[in-house]
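*Asks:* I'd like to ask you about the structure that follows.
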Amino acid sequence: MDITTTSSALFKLLQLSSVSLPVGGYSFSQSLEYAIESGSINDAEQTKAWLQTQLFESIARVDLPVLFGVMNSDVDDVENWRRWNDISMANRETKELRLTESAMGEALKRLLTSFAVPVPEVVDNQYSFVALYGLAANYWSLEAQLTAHGLVWSWLENQISAATKLVPLGQSQAQQLLLELPSSLAPAIELAQTLDEDSMGGSLPLLAIYSSHHETQYSRLFRS
């Protein structure tokens, strides 16, 4: 895919997708911690397979369609944005995965408010991180495919950072994964663009089961 952008847009996207963005993404393993505890993941290759499956069966089928749904609508269409925010939250299969989305969303909402980005109010303060990510990108007139790359890269970097601590992976192995896995990003984004509101939706039963177990895991480094 051909993507063009300006330097100012690229800098905004880099800021939005940076691991230093204070939204707490590094605090959540999204079931990875229990997958390692249970013995399902023991090395770099198994980590790669886990992340590729999650990318194509969850991120590409839920998060990215939500992002594109937000960005393909008018930035001032508040009701449409709220609808996509609700869709995003409704597709989180466990209490923990919903907490991941809403806690990061609430943190991003505070940050965007400090940047003077207008953020609509939602019921019970349940902000979807992905929906707000798209809102900010739309407000800054970023290109949708480029924004999708930034969102997925941010997710991937956080997950590999978690795996580095938990598997554990060496720094060289982690960097090798960061070299290999981005080749899957473009196909995942292309898949997401073929899905509409009626055909989107993912289901990873094992991830949901592990997420539920992680909520009561005896010893853990990441939030539940």
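*Asks:* If the requirement is being modelled with pLDDT under 95 and open to solvent by 30 Å² or more (accessible area, probe 1.4 Å), which of these qualifies: Ser172, Ser224? Break it down stepwise before answering.
*Replies:* On the way: Ser172 fails: modelled with pLDDT under 95.
Exactly one residue qualifies, and that residue is Ser224.
*Asks:* Taking the options Glu180, Glu143, Glu197, name whichever one is at pLDDT 95 or above and among the acidic types (Asp, Glu). Steps first, please.
*Replies:* Numbers: Glu143 fails: at pLDDT 95 or above; Glu197 fails: at pLDDT 95 or above.
None of the others qualify; the one that does is Glu180.
*Asks:* Scan the stretch 84-98 for residues that are open to solvent by 10 Å² or more (accessible area, probe 1.4 Å), farther than 22 Å from Gln145 by Cβ and over 13 Å from the mean Cα position of the chain (by Cα) and jot them down. Spell out how you get there, then give the answer.
*Replies:* Of all residues in the stretch 84-98, those open to solvent by 10 Å² or more (accessible area, probe 1.4 Å) come to 84, 86-87, 90-95, 97-98.
Pick out the ones that are also farther than 22 Å from Gln145 by Cβ and you get 86, 90, 92-95, 97-98.
Result: Asp86, Ala90, Glu93, Thr94, Lys95.
*Asks:* In this structure, is Leu142 at negative phi and not in a helix (DSSP H, G or I)?
*Replies:* On the way: at negative phi: yes; not in a helix (DSSP H, G or I): yes.
Against the criterion (at negative phi and not in a helix (DSSP H, G or I)), Leu142 qualifies.
*Asks:* Restricting attention to the stretch 75-95, report how many residues are in contact (Cβ under 8 Å) with a residue 60 or more places away in the chain and either among the hydrophobic types (A, V, I, L, M, F, W, C) or touching a strand residue (DSSP E or B) at 6+ places or on another chain (Cβ under 7 Å) (or both). Lay out the reasoning, then the answer.
*Replies:* Of all residues in the stretch 75-95, those in contact (Cβ under 8 Å) with a residue 60 or more places away in the chain come to 75, 87, 91, 93-95.
If we keep only those that are either among the hydrophobic types (A, V, I, L, M, F, W, C) or touching a strand residue (DSSP E or B) at 6+ places or on another chain (Cβ under 7 Å) (or both) as well, we get 75, 87.
Qualifying residue count for the region: 2.
*Asks:* Among the numbered criteria (1) assigned to a helix (DSSP H, G or I); (2) farther than 24 Å from Leu99 by Cα; (3) open to solvent by less than 30 Å² (accessible area, probe 1.4 Å); (4) of a type outside the set (Val, Ile, Thr), which one does Leu179 miss?
*Replies:* For Leu179, the exception is condition (3).
*Asks:* Please state which one of Thr147, Thr216, Thr194, Thr164 is in contact (Cβ under 8 Å) with a residue 40 or more places away in the chain and of a type in the set (Val, Ile, Thr).
*Replies:* Working: Thr216 fails: in contact (Cβ under 8 Å) with a residue 40 or more places away in the chain; Thr194 fails: in contact (Cβ under 8 Å) with a residue 40 or more places away in the chain; Thr164 fails: in contact (Cβ under 8 Å) with a residue 40 or more places away in the chain.
On inspection, the qualifying residue turns out to be Thr147.
*Asks:* Being within 16 Å of Trp155 (Cα to Cα) and aliphatic (A, V, I, L, M) is the filter here, so list the residues in the stretch 175-191 that pass it.
*Replies:* Across the stretch 175-191, the qualifying residues are Leu177, Leu178, Leu179, Leu181, Leu185, Ala186, Ala188, Ile189.
*Asks:* Here is a follow-up. Is there any pair with a first residue in the stretch 102-131 that is in a helix (DSSP H, G or I) and a second that is of a type outside the set (D, E, K, R) and exposed (fewer than 15 other Cβ atoms within 10 Å of the Cβ) whose Cβ atoms are under 7 Å apart and which are 6 or more apart or on different chains, and what are they?
*Replies:* Glu106/Asn125; Ala107/Pro22; Leu111/Pro22
*Asks:* Quick one: what pairs do we get from the stretch 38-63, first residue in contact (Cβ under 8 Å) with a residue 24 or more places away in the chain and under 18 Å from Leu151 (Cα atoms), second open to solvent by 40 Å² or more (accessible area, probe 1.4 Å) and of a type in the set (Gly, Ala, Ser), C-beta under 9 Å, 6+ apart or different chains?
*Replies:* Glu57/Ser203; Ser58/Ser203; Arg61/Ser199; Arg61/Ser203
*Asks:* Taking the stated definitions as given, is Asp43 farther than 18 Å from Tyr133 by Cβ, out of contact with any Asp or Glu (no Cβ under 8 Å at 6 or more places or on another chain) and surrounded by fewer than 21 Cβ atoms within 10 Å (Cβ to Cβ)? Before you say what the answer is, go through the steps one by one.
*Replies:* Details: farther than 18 Å from Tyr133 by Cβ: yes; out of contact with any Asp or Glu (no Cβ under 8 Å at 6 or more places or on another chain): yes; surrounded by fewer than 21 Cβ atoms within 10 Å (Cβ to Cβ): yes.
For Asp43, the condition - farther than 18 Å from Tyr133 by Cβ, out of contact with any Asp or Glu (no Cβ under 8 Å at 6 or more places or on another chain) and surrounded by fewer than 21 Cβ atoms within 10 Å (Cβ to Cβ) - is met.
*Asks:* Testing Pro22 on (1) at pLDDT below 95; (2) more than 15 Å from the chain's Cα centre (by Cα); (3) surrounded by fewer than 14 Cβ atoms within 10 Å (Cβ to Cβ); (4) farther than 21 Å from Leu178 by Cβ, one condition comes back false. Which one is that?
*Replies:* (2)
*Asks:* Another one. Of all residues in the stretch 196-207, how many are surrounded by 17 or more Cβ atoms within 10 Å (Cβ to Cβ) and either touching a Leu at 6+ places or on another chain (Cβ under 8 Å) or not in a loop (DSSP other than H, G, I, E, B) (or both)?
*Replies:* Within the stretch 196-207, residues that are surrounded by 17 or more Cβ atoms within 10 Å (Cβ to Cβ) and either touching a Leu at 6+ places or on another chain (Cβ under 8 Å) or not in a loop (DSSP other than H, G, I, E, B) (or both) number 1.
The values are calculated or read from the model by the stated rules, or taken from the named source; none is laboratory data. Source: prediction; values computed, not measured. No Cβ is skipped: glycine too gets one built from the backbone with ideal geometry, and neighbour counts run over all protein chains shown. Accessible surface is based on the protein model in full, side chains and every heavy atom, while ligands, DNA and RNA are left aside. Shrake-Rupley method; radii C 1.70, N 1.55, O 1.52, S 1.80 Å.
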